[in-house]
Amino acid sequence: MTTERGASVKFDKVQKSYDGEVLVVKDLNLDIEKGEFLTMLGPSGSGKTTCLMMLAGFEPASHGEIYLNEKPINNVPPHKRGVGMVFQNYALFPHMTVAENLAFPLQVRNMGKAEQEAKVKRALEMVELPQFGSRRPAQLSGGQQQRVAVARALVFDPDLILMDEPLGALDKQLREQMQYEIKHIHENLGVTVVYVTHDQTEALTMSDRVAVFNDGVIQQLSPPDELYETPQNSFVAQFIGENNKLNGTVTAINGNICDVKLADGTMMKADKVNVAAVGDATTLSLRPERVEIIVADGMENSITGHIEELIYLGDHIRVRMSVAGNPEFVVKVRNRAGEQKLAEGQDIKIGWFASDCKALDPVG
Amino acid sequence: MSDTDQTMAVLTTQDGVPLKVSIRRALRAQKIRALLLVAPLFLFILLSFVAPIADMLFRSVENDIVPNTLPQTVVAIELWDENSGELPGEDVYAALAADLQVATKSKTHTRVGSRLNYEKPGTSSLFRKTGRRVNKFEDGNYKEQFLKADKKWGDVEYWQVIKRFSSPLTGGYFLAASDAERTADGVQLKAEDERIYLLLFGRTLMLSITITASCILLGYPIAWLLASLPLRSSNLLMILVLLPFWTSLLVRTSAWKVLLQQQGVINDTLVWLGIVGDESRLALINNQTGTIIAMTHILLPFMILPLFSVMKTISPTYMRAAKSMGATDWYAFWRVYFPQTIPGIGAGSILVFILSIGYYITPELVGGTSGIFISNRIAYHISSSLNWGLAAALGVMLLVLVMTLYWLYDRIVGIDNVKLG
């Protein structure tokens, strides 16, 4: 049961509205390849779950077409789509044992008793719960229920698995462990997975590609590293990871680099990502770990900041400082021997490379 | 090791008092306060519910009116062999005369007469008639004087009844309640055409089961709708479900009379639509159909509410999960949704069944003769025939029947499977 499985999915100009007045999903175009692990990431109300429900068949699309393996499925009822689904609260049937839960999709398909048992056994082994077949879901811990839910979605060998915030109810440690397990299962089986979450760490660790949703629109569709390092707009930069914002105006554009004048008059050089012309307002986006308190050779940008607060976190020190009128500017300083001593109230010089500083669309 | 074992055996406080004693002392005030809080209700229930019912139930076997009113006769008749076919001796007649002379002063002889009349019709008038003469009896030769007062005193059967019911406790009411009688050959069922109570018990059971079943059939979809509609519309629907609760039971039952009678709204409509001919109007009332229709309507909320509260807790994602695994709507309902609603069906069925098995007012009004329940017969004996002993015996049998069914239900379905919300 490895390789050459997985289905392709295509959203073509899909729109969705519940009340005819507000579009929850606005013009969605998305191609998901066979065997891909795609995560729909976004804040609540961004339309990501609606997209998943349309794909599962529980919500009709108001406009546009969804294709599964190049076949349109708008008029295919959910039970004929052959899509495995893991729900937020697992939705394990409480009146059935674990084994009966797993056998349910097989019984629906009129599979023989012996084959059913073999498949259930294999699925339970896959999620490392071989002894738990006769238990009721209520007798399992959250993590075990989660695994059973995954096993149930996989047991009838679907080509596409949908997961709707499946780890939301677990505690942090268990969640991280389950992330790896789900990722491994995906790698071993080669099925296509569409995963919905609002947790960016989850999205970054598990996915091949992440679609960041906001306001019913995909803001960016990229592999995790690209998403983090080259955000296409301010929303993505803000939503993924920690981010420092500096507002300014574009004064010159030279190829990929633009000059930006900050509110306090300081001139900065930044990577031109999402600005059009000279004179535009822009927000510079800068990751805290890319700011250095010792300005290195070749760093295009340097500025003096006032240390407001120091938070000791062991491996690094989190320094909150006021920079160019932004009192929430954060710098992560690695905890190294011989590092210069920092104190609250101190003014220090900080610097960064232009390539780490993205000029994006302006926010607030 | 043994040291710790000993300290484990009796844990003491620092003062050396055993810990358990100390805890009990500390909690005593709490317990007393809790008891005091429930004491008024407990007393109220005891006086207004438990005591009257216990007294009523005791009446089903109570018979001390006979030994109390006829104390000498009861002793004297003890020696008489009732199967000999001969009349009792002069001493028994003498004792009865003495007893009756005392009883007529307090007029209690008529009550003994009525009591024994349940067992042998004619006894009431016999005692009444004799009571008028007995004070004029002369000493000696009582047998002759009794026979002169009423010829029935020469009939062995009346003496047999007195002897049979001379003890302060009797099973006679229960025999009567189960359509049996004591004959010379022992206890036997009455003749087929004289049996009434077994038939009534059977009918009460059958109708209650029918009513419960139709409540399930009608209530299940409504409860499902209530549980799945958005809050605003489900609140409105809930008010409609509860509306009957706010109307008098009598009004609702009378409304059914208007609707169901031969010249009533339903029949008129059917005739007008041409579905039923004018000469063959349906008999919908004063029979079992009427009882079933009216009682299903009245008891429906007791089915809907527990069903609703159970369905409310079933997340719609279960159905979605089932469908995502390939189940059709019907299969998902039958395998996933329905089994989870069984506790609600159980709770609703128990409520409706137990309420309907003891129902009185509706069968009385719309049931006619073929649609009445055992409770109507009990009410008849309480208020019309004044045979309270028989009414009590029927009541005890009904109570035992309900408890047996409850026990059976617990054995088969399990009472912890019942959920009211």
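The values are calculated or read from the model by the stated rules, or taken from the named source; none is laboratory data. Here the structure is a predicted model, which means the values were calculated and not measured. Heads up, the Cβs are rebuilt from the backbone with ideal geometry, glycines too, and the neighbour counts pull from every protein chain shown.
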- Among (1) of a type outside the set (Val, Ile, Thr); (2) closer than 27 Å to A:ASP199 by Cα; (3) modelled with pLDDT under 90, which single condition is A:ALA263 missing? (2)
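Inside segment A:28-49, can you point out the residues that are of a type outside the set (A, V, I, L, M, F, W, C), part of a strand (DSSP E or B) and either crowded, with 16+ Cβ neighbours inside 10 Å or modelled with pLDDT under 90 (or both)? Explain how you work it out, then say what you get.
To start, the set of residues in segment A:28-49 that are of a type outside the set (A, V, I, L, M, F, W, C) comprises A:29, A:31, A:33-36, A:39, A:42-49.
Pick out the ones that are also part of a strand (DSSP E or B) and you get A:29, A:31, A:39.
Scanning segment A:28-49 gives a single hit, A:THR39.
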- Task: Being surrounded by 18 or more Cβ atoms within 10 Å (Cβ to Cβ) and either under 13 Å from the mean Cα position of the chain (by Cα) or of a type in the set (Gly, Ala, Ser) (or both) narrows it down to one of A:GLY255, A:GLY265, A:GLY248, so name that one.
- Result: A:GLY248
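Could you please let me know if B:ASP268 is more than 30 Å from B:THR313 (Cβ to Cβ) and modelled with pLDDT of 90 or more?
Details: more than 30 Å from B:THR313 (Cβ to Cβ): yes; modelled with pLDDT of 90 or more: yes.
So B:ASP268 passes the test.
Pick from A:ALA149, A:ALA138, A:ALA103: which is farther than 29 Å from A:MET54 by Cα, out of contact with any Asp or Glu (no Cβ under 6 Å at 6 or more places or on another chain), assigned by TED's automatic domain parsing to the domain that holds A:LYS183 and not in a loop (DSSP other than H, G, I, E, B)? Step through it out loud before you land on a result.
Working: A:ALA149 fails: farther than 29 Å from A:MET54 by Cα; A:ALA103 fails: farther than 29 Å from A:MET54 by Cα.
Unique residue meeting the criteria: A:ALA138.
Those residues that are part of a helix (DSSP H, G or I) and either surrounded by 18 or more Cβ atoms within 10 Å (Cβ to Cβ) or touching a residue at least 24 places away in the same chain (Cβ under 8 Å) (or both), I need them from segment B:73-87; list them, please.
Taking segment B:73-87 as the starting set, the residues that turn out to be part of a helix (DSSP H, G or I) are B:73-77.
Residues satisfying the conditions are B:THR73, B:VAL74, B:ALA76, B:ILE77.
Return yes when A:LEU124 is under 29 Å from the mean Cα position of the chain (by Cα), more than 26 Å from A:TYR18 (Cβ to Cβ), part of a loop (DSSP other than H, G, I, E, B) and aliphatic (A, V, I, L, M) and no when it is not.
Numbers: under 29 Å from the mean Cα position of the chain (by Cα): yes; more than 26 Å from A:TYR18 (Cβ to Cβ): yes; part of a loop (DSSP other than H, G, I, E, B): no; aliphatic (A, V, I, L, M): yes.
For A:LEU124, the condition - under 29 Å from the mean Cα position of the chain (by Cα), more than 26 Å from A:TYR18 (Cβ to Cβ), part of a loop (DSSP other than H, G, I, E, B) and aliphatic (A, V, I, L, M) - is not met.
Mind listing whichever residues of segment A:296-344 are of a type in the set (Val, Ile, Thr) and surrounded by 12 or more Cβ atoms within 10 Å (Cβ to Cβ)? Steps first, answer last, please.
Filtering segment A:296-344 down to residues of a type in the set (Val, Ile, Thr) leaves A:303-304, A:307, A:311, A:317, A:319, A:323, A:330-331, A:333.
Selection gives A:ILE303, A:THR304, A:ILE307, A:ILE317, A:VAL319, A:VAL323, A:VAL330, A:VAL331, A:VAL333.
Hand me the list of helices (runs of 4 or more DSSP H) wholly inside segment B:310-360 holding 2 or more residues that are touching a strand residue (DSSP E or B) at 6+ places or on another chain (Cβ under 9 Å) and within 12 Å of another protein chain (Cβ to nearest Cβ).
Values: elements: B:317-324, B:329-332, B:338-357.
By residue number, B:317-324.
Going by what's in this entry, would B:ILE372 be described as part of a helix (DSSP H, G or I) and not assigned by TED's automatic domain parsing to the domain that holds B:GLU119?
Details: part of a helix (DSSP H, G or I): no; not assigned by TED's automatic domain parsing to the domain that holds B:GLU119: yes.
So B:ILE372 fails the test.
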- Using the structure shown, decide if A:GLY168 is surrounded by fewer than 19 Cβ atoms within 10 Å (Cβ to Cβ), within 21 Å of the chain's Cα centre (by Cα) and more than 25 Å from A:LEU68 (Cα to Cα). yes
- Task: Only residues that are surrounded by 12 or more Cβ atoms within 10 Å (Cβ to Cβ), in contact with a helix residue (DSSP H, G or I) (Cβ under 9 Å, 6 or more places away or on another chain) and not basic (Lys, Arg): list them for segment A:107-129, please.
- Result: A:GLN107, A:VAL108, A:MET111, A:GLN116, A:GLU117, A:VAL120, A:ALA123, A:LEU124, A:MET126, A:VAL127, A:GLU128, A:LEU129
- Note on the structure: Those residues of segment B:148-170 which are under 32 Å from the mean Cα position of the chain (by Cα) and either without any contact (Cβ under 8 Å) to a residue 40 or more places away in the chain or more than 20 Å from B:ASN83 (Cα to Cα) (or both) amount to B:PRO168, B:LEU169
- Query: Any idea which of (1) in contact (Cβ under 8 Å) with a residue 60 or more places away in the chain; (2) charged (D, E, K, R); (3) outside any loop (DSSP other than H, G, I, E, B) is the one A:LYS261 doesn't satisfy?
  - Reply: (1)
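Which residues, taken from segment B:377-390, are among the small types (Gly, Ala, Ser) and without any contact (Cβ under 8 Å) to a residue 60 or more places away in the chain? Before the answer, list the steps.
Step one: filter segment B:377-390 for residues among the small types (Gly, Ala, Ser), giving B:379, B:383-385, B:389.
Hits for segment B:377-390 are B:ALA379, B:SER383, B:SER384, B:SER385.
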- B:LEU405 is checked against (1) at pLDDT 85 or above; (2) crowded, with 19+ Cβ neighbours inside 10 Å and fails just one. What number does that condition carry? (2)
- Query: Given the conditions (1) loosely packed, with under 14 Cβ neighbours inside 10 Å; (2) in the same structural domain as B:THR130 (by TED's automatic domain parsing), and given that B:ILE53 satisfies all but one, which numbered condition is not satisfied?
  - Reply: (2)
- How many residues are buried (at least 21 other Cβ atoms within 10 Å of the Cβ) and not β-branched (Val, Ile, Thr) if we restrict to segment A:273-286? 3
- Task: Report whether or not A:SER285 is within 31 Å of the chain's Cα centre (by Cα), under 21 Å from A:TYR228 (Cα atoms) and assigned to a strand (DSSP E or B).
- Result: yes
- Result of the Cβ filter at 8 Å on segment A:307-318, keeping first residues that are touching a residue at least 60 places away in the same chain (Cβ under 8 Å) and partners that are in a strand (DSSP E or B), at least 6 apart or interchain, is none
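Condition check: aliphatic (A, V, I, L, M), surrounded by fewer than 21 Cβ atoms within 10 Å (Cβ to Cβ), within 13 Å of chain B (Cβ to nearest Cβ) and assigned to a loop (DSSP other than H, G, I, E, B). Does A:MET53 satisfy that?
On the way: aliphatic (A, V, I, L, M): yes; surrounded by fewer than 21 Cβ atoms within 10 Å (Cβ to Cβ): yes; within 13 Å of chain B (Cβ to nearest Cβ): yes; assigned to a loop (DSSP other than H, G, I, E, B): no.
No, not satisfied.
Given A:HIS79, A:HIS95, which one is touching a Phe, Trp or Tyr at 6+ places or on another chain (Cβ under 9 Å) and within 13 Å of chain B (Cβ to nearest Cβ)?
On the way: A:HIS95 fails: touching a Phe, Trp or Tyr at 6+ places or on another chain (Cβ under 9 Å).
Unique residue meeting the criteria: A:HIS79.
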- With the checklist (1) surrounded by 12 or more Cβ atoms within 10 Å (Cβ to Cβ); (2) in contact with a strand residue (DSSP E or B) (Cβ under 8 Å, 6 or more places away or on another chain) in hand, flag the one item B:LEU11 doesn't pass. (1)
